[in-house]
Every structure is written in structure tokens, then in C-alpha cells.
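Structure, as C-alpha cells:
The values are calculated or read from the model by the stated rules, or taken from the named source; none is laboratory data. The shown structure was predicted, so the numbers you read here are calculated from the model rather than taken from an experiment. Ideal geometry is used to build each Cβ from the backbone, glycine not excepted, and the neighbour counts take in all protein chains shown. What goes into the accessible areas is simple: the full protein's heavy atoms, side chains included, and nothing from ligands, DNA or RNA. Shrake-Rupley method; radii C 1.70, N 1.55, O 1.52, S 1.80 Å.
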Amino acid sequence: MISSHDPVLENALVKVRGLTFRRGERAIFDDVSLEIPRGKITAVMGPSGCGKTTLLRLIGGQLRPASGYLVVDGAEITAMSRAELMQLRKRMGMLFQSGALLTDLNVFENVAFPLREHTTLPESMIRDLVLMKLEAVGLRGARNLLPSELSGGMARRVALARAIALDPMMIMYDEPFTGQDPISMGVLVRLIKLMNDTLGLTSIVVSHDIHEALAIADYVYILSAGKVVGRGSPADLSQTDNPWVRQFVQALPDGPVHFHYPGAAFAEDLRL
Amino acid sequence: MLDLLQELGRWSLKGLQRLGRSNVFMLYVLGGIPMCVRRPRLVITQMFAVGVLSILIIFVSGLFVGMVLGLQGYNTLVDFGAEESLGVLVALSLVRELGPVVSALLFAGRAGSALTAEIGLMKATEQLSAMEMMAVDPLHRVIAPRLLAGIIAMPLLAAIFSAVGVFGGYLVGVGMLGVDDGAFWAQMQASVEIREDILNGVIKSLVFGVAVTWIAVFEGYDTLPTSEGIGRATTRTVVNSSLAVLAFDFILTALMFNK
């Protein structure tokens, strides 16, 4: 296991310290600390409903933590004004699970959207930039299609092109592999890796697809019940002796997380 | 009994909370007006959606309401030998009351519900969230142009409704029932005042436009992001904005036309 005094983590782009977040009475995060190293792909994994997406929304400043702090590129998110937060978000891209393309605009206009909103570039320049981004995800030929005409995998690739439109320093992927056929899954895995390496990005991939996430991640966090239960490189995790992490990484049906939902003994329930 | 009181209290607290939320919401949306002025194209697109696409229903309803006024008015007036005043009756009813009120009710059903459903669906499919993450404020980029478009479109639609209605009354009164052509128009011209009648009607439709569009965009933005939530929000838009229109109509009429 790598300690938090590791030089790579010292230079982290995102630092989370003592983060606590509650939804109603339930604590989604309970005193969580983690670092996202700069220039690497970090996977955040855990079972459904453990707050992986919430973590991305906290980093993006859409939600405010109950306590603790989040530092992104040296700036404290919780202390930011709305205007500062908006400036920071221009340097972050986020890929939503559904793609979240604007349904009234075609593919070209969706990718052009951040450019039109935040720059005053001339139309010819916007056209060149959009076509470059679409070429990078292999969908230049689909620029006149509407989001409703795209498959799920294509929609995610368009959303990826849109997320890199402003050349961000970091991209957050929310469940990028969920519900994809093997081909588009392979395309997405390759794209995430390629984008990270060629554009010098920092990537956070939230996922529970172990195989794909471990294949591209440089560093992995495993969350469960509001705590970080495992961390390390993919190689470290496959040799862990933590039974919970082993169950998760090896996808075993029974272990510390039981197959059966807690209840009375079976025999008792059948009134034997 | 105590349960009933408790329920009543909870219910009214919830109502007040919503009212408060809608006011804060409105305040943020108004912050997006400068952007709409800078980029009028955003508002024009929405005016097409809420205004131009509502013209057909406004036109047809206006025509029929005018024709019914012509028939009913004639039947009453003819007993007093005053059928020449049919033009005045039709025009005043439309300009003062029916034009603004009926077109606002139709507007709530046609454009208001569409606005709520559209915005609710944008919320449910995370489009609003995605915009926020792209550092674009959805209240400014999505809501403000729609609100402004609704407020501009409503008085125009009410004016179309009244104009077509007068024509409908003319068709029935002069064309079918044989009221004198010249008397119909001359009496109308002599009795309908620009300030007293027409301006007040325009003010009414402007107020209704604000109320209906505000309710519609707020319900869309405040909806639970599920299909059931959007359905309920759409219903609430039509019900609440219709009630608001009728209540405001009473207040405005009392203020404007008491002698």
C-alpha cells in the first residue's frame, strides 16, 4: 500500500480531507480522505449506491459537504464564490452516465456549446475546433445527427468530445462503461486512456466494471459504506488480504457482503 | 382533531416553502436578462416555440368565442331594439375580459405545460446538471429566455385573440343576422377607449403572461426528476396557472373598472 506521503500523491490535483456528506440521516461519506494524482487515471470503485457519483458532484462543487475540505488544483472548493466556481468548472470536464447531451441541438452544436458560451471565437474557428474534437472520438461523420439518433456508446463519445472542447485539465467520468456492448466498451476504454495520455489530462473514472477500470487505471480507490476500504495500484489490489476488497475485485457472490439480505433464519421463516 | 391541525400546518408550511423557493428562483432568473438582451436569438427561438406555435389554437378559439358573442349578444340586444350596439358589446367583452383571460388559459394549456415538461425532462436527463458542470448557469441560459419569451408572447396572443374575435362577431352579426354594417363599426369606434379599455386589457394579459410563464418554468425546474414527477408538475402548471389567471383577473378588474 502506498502511504499518503508518496511523492506522486503529494503533487495531487485533487485532495480530499475529512470529507463528510449526509443525505438526510444517512452518511454517504464519513471522514473520507483521498488524493487524485496529477496526469494519471484514477479509478473510484465500489458497489452501486455507495456515493461514487456524489463524490464527483462534490469535486465539481454541485454539492456542498457537511464538513471537511476539497482542494482542486490548489484552490479550496468549499470556500469559493459562485463566480470562482464557474471559472474552475471551465477547466473541468464531466461525462455523465447518460451523456446528458442537449436534445434540441445536433452533435456539432452540442460540441460547439461550451465554445459558444465561453468564447467569442469566429465561426470558422469554432467549426475547426469542433471537427477536431469529433475526429478524436471518431464521430466527425455523425455531426449532423440529433442525440436521439445516436446509440448509447456514440452519445457518450459525443459527450466526451464536448467535455474536452475547452481543453480542460481534468475529466471526470461517471460510470462510462455501464450498459455498453463489448465493442463500444472497448472503444471507450481506449479513448479514456488515449485522451489522458495525449492531452496530459487527469482522469477520474467512477465505475463498478472492475475489469475495464483496472485495465486503464494507474491508481484505484475502493469505497464502501462511506469509507475508503482499499487503495493502491491495480496490482496491489489483486493481492490484497482485505476480504471485502477481495470479494469486490474478484466478483465473488458471497463473502463479507452476503448473498442473502439479512432476515430471520430460513427454517424459522418456513415455520418448520 | 390535533392530527388535522398538524396536517394543515404541515401543508401550509410546504406551500409557503414552495412560494419562497419560487421567489428566490425568480430572482436568479432575472439575473439572466442581460444575457438575453445580448443574445436575442435565444429569446426569439423560444418565442417561436411558445408564441408562434400557439397561434393556431388562439386563432380558432378567438373566432368561435367571437361568433358565440355575436349570437348571444344579438339575441339579448334585439329585444331592446339595440342590435346596432352589437359591435360595442363584442369588442368590449373581448378587449377587457375574454381576450386576455381565455387566451391566458389556452396559453397555460398549450405553452405552459410544454415548458414544464421540457424543462422537467431536461432536469431528469441531467442536461441542466451537465450545463452547470460546463460553467453555464441553466437559470440564465435555459430559463430566462423562456420566461422572457412567454411574457412577450402573451399580450401579442391576447391581441390576436381579440382581433379575430371581433371579426367572428362581425361575421355572425352582420353577415348572418343582418346588423347594419356601418353601425356595427361606428358604435364600436365611438365607445372603445384606447386607455380605458385596450391598455387595461394589454396590462391584464401582461400580468397573466408573467404568472403563467413563471409558474410553468418554476414547476419544470422544481420537479422531481422522474416520469411521475414530470407528469404531476405538468398538471400543477395547468391547474395553478389557470387559477392564478382567474384570481388576478378579479383583482385587476376590481382595480381597473370600478366607477
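Residues in the range B:130-140 that are under 16 Å from A:R89 (Cα atoms) and either within 23 Å of the chain's Cα centre (by Cα) or at the interface with another protein chain (Cβ under 7 Å from one of its Cβ atoms) (or both): B:A130, B:E132, B:M133, B:M134, B:A135, B:V136.
Being of a type outside the set (K, R), under 14 Å from the mean Cα position of the chain (by Cα) and farther than 17 Å from A:A75 by Cβ narrows it down to one of A:I41, A:I28, so name that one.
Working: A:I28 fails: under 14 Å from the mean Cα position of the chain (by Cα).
Exactly one of A:I41, A:I28 is of a type outside the set (K, R), under 14 Å from the mean Cα position of the chain (by Cα) and farther than 17 Å from A:A75 by Cβ, namely A:I41.
Screening A:P7 on (1) open to solvent by 50 Å² or more (accessible area, probe 1.4 Å); (2) within 14 Å of chain B (Cβ to nearest Cβ); (3) at pLDDT below 85 shows it passes everything except condition (2). Taking A:S48, is it modelled with pLDDT under 90, open to solvent by 10 Å² or more (accessible area, probe 1.4 Å) and out of contact with any Lys or Arg (no Cβ under 9 Å at 6 or more places or on another chain)? When the stated conditions are applied, A:S48 passes them. The conditions of being away from every other protein chain (no Cβ under 12 Å) and either crowded, with 23+ Cβ neighbours inside 10 Å or of a type in the set (S, T, N, Q) (or both) are not met by B:G81. Considering only the range A:124-152, how many residues are over 17 Å from A:T198 (Cα atoms), of a type in the set (A, V, I, L, M) and open to solvent by 40 Å² or more (accessible area, probe 1.4 Å)? So the answer is 3. Of the candidates A:D241, A:D236, the single residue that is among the acidic types (D, E), touching a residue at least 60 places away in the same chain (Cβ under 8 Å) and either open to solvent by 30 Å² or more (accessible area, probe 1.4 Å) or not in a strand (DSSP E or B) (or both) is A:D236. The set of residues in the range B:182-199 that are outside any helix (DSSP H, G or I) and open to solvent by 70 Å² or more (accessible area, probe 1.4 Å) contains only B:E193. Summed over the range B:221-255, the residues that are open to solvent by less than 70 Å² (accessible area, probe 1.4 Å), over 12 Å from the mean Cα position of the chain (by Cα) and of a type in the set (A, V, I, L, M, F, W, C) give a count of 5.
Restricting to the range A:106-123, count the residues that are under 20 Å from A:L199 (Cβ atoms), facing chain B (nearest Cβ under 10 Å) and either open to solvent by 30 Å² or more (accessible area, probe 1.4 Å) or not in a helix (DSSP H, G or I) (or both). Adding up the residues that qualify gives 1.
The set of residues in the range A:106-141 being among the hydrophobic types (A, V, I, L, M, F, W, C) and touching a residue at least 40 places away in the same chain (Cβ under 8 Å) consists of A:V107, A:V111, A:A112, A:F113, A:L115, A:A136, A:V137.
For the range B:166-181, a residue qualifies if it is over 25 Å from B:T253 (Cα atoms) and either small (G, A, S) or assigned to a helix (DSSP H, G or I) (or both), and the qualifying residues are B:Y170, B:L171, B:V172, B:G173, B:V174, B:G175, B:M176, B:G178, B:D181.
Within the range A:83-105, is there a residue that is at pLDDT 85 or above and more than 14 Å from chain B (Cβ to nearest Cβ)? Looking through the range A:83-105, none of the residues is at pLDDT 85 or above and more than 14 Å from chain B (Cβ to nearest Cβ).
Answer with yes or no whether B:L121 is within 12 Å of another protein chain (Cβ to nearest Cβ), modelled with pLDDT of 90 or more, assigned to a helix (DSSP H, G or I) and crowded, with 20+ Cβ neighbours inside 10 Å. Full working, then the answer.
Working: within 12 Å of another protein chain (Cβ to nearest Cβ): yes; modelled with pLDDT of 90 or more: yes; assigned to a helix (DSSP H, G or I): yes; crowded, with 20+ Cβ neighbours inside 10 Å: no.
Spelling it out, it is not the case that B:L121 is within 12 Å of another protein chain (Cβ to nearest Cβ), modelled with pLDDT of 90 or more, assigned to a helix (DSSP H, G or I) and crowded, with 20+ Cβ neighbours inside 10 Å.
For A:D73, the conditions (1) more than 19 Å from A:L145 (Cβ to Cβ); (2) in contact (Cβ under 8 Å) with a residue 12 or more places away in the chain; (3) within 11 Å of another protein chain (Cβ to nearest Cβ) all hold with the exception of (3).
Give the residue, chosen from B:M35, B:M67, that is farther than 28 Å from B:A163 by Cβ and either in a helix (DSSP H, G or I) or open to solvent by less than 70 Å² (accessible area, probe 1.4 Å) (or both). Residue meeting the stated conditions: B:M35.
Do we find a residue being within 16 Å of the chain's Cα centre (by Cα) and surrounded by fewer than 19 Cβ atoms within 10 Å (Cβ to Cβ) anywhere in the range A:176-184? Checked the range A:176-184: at least one residue is within 16 Å of the chain's Cα centre (by Cα) and surrounded by fewer than 19 Cβ atoms within 10 Å (Cβ to Cβ). Just one residue in the set A:A161, A:A155 is open to solvent by less than 30 Å² (accessible area, probe 1.4 Å), more than 12 Å from every other protein chain (Cβ to nearest Cβ) and in contact (Cβ under 8 Å) with a residue 40 or more places away in the chain; that residue is A:A161.
Scanning the range B:95-118 for residues that are more than 21 Å from B:I33 (Cβ to Cβ), within 14 Å of another protein chain (Cβ to nearest Cβ) and open to solvent by 40 Å² or more (accessible area, probe 1.4 Å) gives a single hit, B:A114.
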